[in-house]
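Undergrad: The structure that follows is given in the form of structure tokens.
The values are calculated or read from the model by the stated rules, or taken from the named source; none is laboratory data. These figures come from a predicted structure and were not determined experimentally. Backbone-built Cβ (ideal geometry, glycine too); neighbour counts: all protein chains shown. Heavy atoms of the whole protein, side chains included, go into the accessibility calculation; ligands, DNA and RNA do not. Shrake-Rupley method; radii C 1.70, N 1.55, O 1.52, S 1.80 Å.
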Amino acid sequence: MNGTPKTKSGWRIVRRILIGVAIFATLIAVFYAEEDWRGKRALENYKHEWEAKGEKFDWQAFVPPSVPDDQNFFTAPIFTNMANGKIVMNPYHSDGSPDWHAEKDQTGYLGGEGRTIMIDLKAFQASYRNPTNASLAKEFPIAPQPQTPAADVLFALSKFDLAVEELRQASQRPYADIPLNYEDGFNSVSSLLPILAELKRCTQVLQLRAVAELADGQNAKALDDVKLSLYLNNSLRNSPFLFSHLVRFAIVAIDLQPIWEGLTEHKWSDEQLAELDSELAKIDFLADYGFIMRGERAFAIASFENQRRTRELVSSKVDAKGKYAGLVTNKLTFMPSAYFYQNELAIARMQQQWILPLVDTNSRIISPVALQRANDAVQTEKKHYSPYKVQALMLFPAIDATVRKIATIQSSVDLARVACALERYRLAHGKCPETLDALTPQFIAQIPHDIIGGQPLHYRREANGQFVLYSVGWNETDDGGQVVLTKNGSIDRTKGDWVWQYPQK
């Protein structure tokens, strides 16, 4: 008889616990619903505000329009075969022989790069003719008897002649649109990486060919290869992913080497220099900056939206050597929608407030001071942890490296154009001009100003008939054309000037 009250008492405790759990679950549901509503509303209001000012946040606004396959460079048979691994264009040995490392360290003077070293064709010749490498004959054809370094290099690279010509024919197609599933957001970059790798390898082949052709007196062929290589850079211009444009920077740096070497050795004719200037004038990374960053923002927002729908976070896996090793999926099952909405809002605000103003496309100026302020602001945000910003900060581009790369490579292009004009003047008058003003309008339509600060580029004619041409560089100080090296011998781009000059004779 004493058991009945205990049973009733036990049931009351269980019921109270269940009621408490129900109340707690209801409160959580109300909290989630309230936060989700607030997050979605804040994001929509922000978008509406800035869309009224002309901004775009929909990723579809940045996707290149579809084009017919028979008119698309990236669907030409030659490029499809390269992307599928059927053709591998690579001027280096697959075994990573020493000449590969030597050549990488011997790139020439590219404006902000600060080196004055020609590509060593003798090193390539010796490597191609290396008798101890039994597999070499399978990689590159070798002339029976040694020739000049340039001739031997060109003979070895002749294995790519047919592919290069097919690539040249493909470049005549009116469009260049990489076929991607853009609906995958940033995940589509995994399909993009092999294509970008092929483009860079093609550029390396064309660089070495052009340098060897110049040394062999085949200047017209060298010009054709440089122009084809510059086309490869331009083929990526419509890509909405920042990573594609980082590869563009690398491609242009590779392209400038044979241009610089031809200028060093006075190989280019006046007509060829005019063609080079025309091609280089098409490169304007400052004008592309807004599209690049807005595209990056739109796909970041699209990626958050995809996470919200699937409750999955797909990220790239990197191995111990820092190389891409596939994708990893993490579950976000119980994450409130507010988390995704607020991260979308955070990255939209950060881009609008800090990133887009860093490059003044109208005046063509990049301000190191403004970049430092933006970096400081991002670091401050990182110190104040919030789940509503954590992914936004992770996806936030490495603004310091990106903007500096844009500044240095665009400076290199601008300096190269002026250097071509100076060589045209020398061909016409037998010497360099006293000032850059003498170059316009006959040898260059307009002299680009220094994108660091907007002042005129610095120039002086040397007693030996050469010249020094430079930007004040990242420290915004005229150091007289001095290049500063780090302790390990690399260029310190934060100090000294960004200089275009030639080896002392």
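Undergrad: What are the residues in the range 349-363 that are under 14 Å from ALA287 (Cβ atoms), open to solvent by 50 Å² or more (accessible area, probe 1.4 Å) and not polar (S, T, N, Q), if any?
TA: Scanning the range 349-363 gives a single hit, ASP360.
Undergrad: When the range 256-296 is examined, which residues are found to be surrounded by fewer than 17 Cβ atoms within 10 Å (Cβ to Cβ) and in a loop (DSSP other than H, G, I, E, B)?
TA: GLU265, HIS266, SER269, LYS282, ASP284
Undergrad: Further question on the same structure: Looking at (1) surrounded by 14 or more Cβ atoms within 10 Å (Cβ to Cβ); (2) over 17 Å from GLU462 (Cβ atoms), can you tell me which one ALA419 breaks?
TA: (2)
Undergrad: Let me ask something additional. Can you list the helices (runs of 4 or more DSSP H) lying wholly within the range 122-228 that have 2 or more residues being modelled with pLDDT of 90 or more and buried (at least 18 other Cβ atoms within 10 Å of the Cβ)? It would help to see each step written out before you state the result.
TA: On the way: elements: 136-139, 149-157, 161-170, 189-215.
Hits in the range 122-228: 149-157, 161-170, 189-215.
Undergrad: Test ASP376 against the stated conditions and say whether it is modelled with pLDDT of 85 or more, open to solvent by 30 Å² or more (accessible area, probe 1.4 Å) and farther than 26 Å from LEU457 by Cα. Break it down stepwise before answering.
TA: Values: modelled with pLDDT of 85 or more: yes; open to solvent by 30 Å² or more (accessible area, probe 1.4 Å): yes; farther than 26 Å from LEU457 by Cα: yes.
Spelling it out, ASP376 is indeed modelled with pLDDT of 85 or more, open to solvent by 30 Å² or more (accessible area, probe 1.4 Å) and farther than 26 Å from LEU457 by Cα.
Undergrad: Separate question: Conditions first: (1) buried (at least 19 other Cβ atoms within 10 Å of the Cβ); (2) part of a helix (DSSP H, G or I); (3) more than 22 Å from the chain's Cα centre (by Cα). ALA438 passes all but one, so which condition is the exception?
TA: (1)
Undergrad: Being within 30 Å of ASP58 (Cα to Cα) and under 23 Å from the mean Cα position of the chain (by Cα): is that true of LEU192 here?
TA: Values: within 30 Å of ASP58 (Cα to Cα): yes; under 23 Å from the mean Cα position of the chain (by Cα): yes.
Against the criterion (within 30 Å of ASP58 (Cα to Cα) and under 23 Å from the mean Cα position of the chain (by Cα)), LEU192 qualifies.
Undergrad: Can I ask one more? Between GLN482, GLN446, GLN455, which is in a loop (DSSP other than H, G, I, E, B) and closer than 23 Å to GLN272 by Cβ? Step through it out loud before you land on a result.
TA: Values: GLN482 fails: closer than 23 Å to GLN272 by Cβ; GLN455 fails: closer than 23 Å to GLN272 by Cβ.
Matching residue, one of GLN482, GLN446, GLN455: GLN446.
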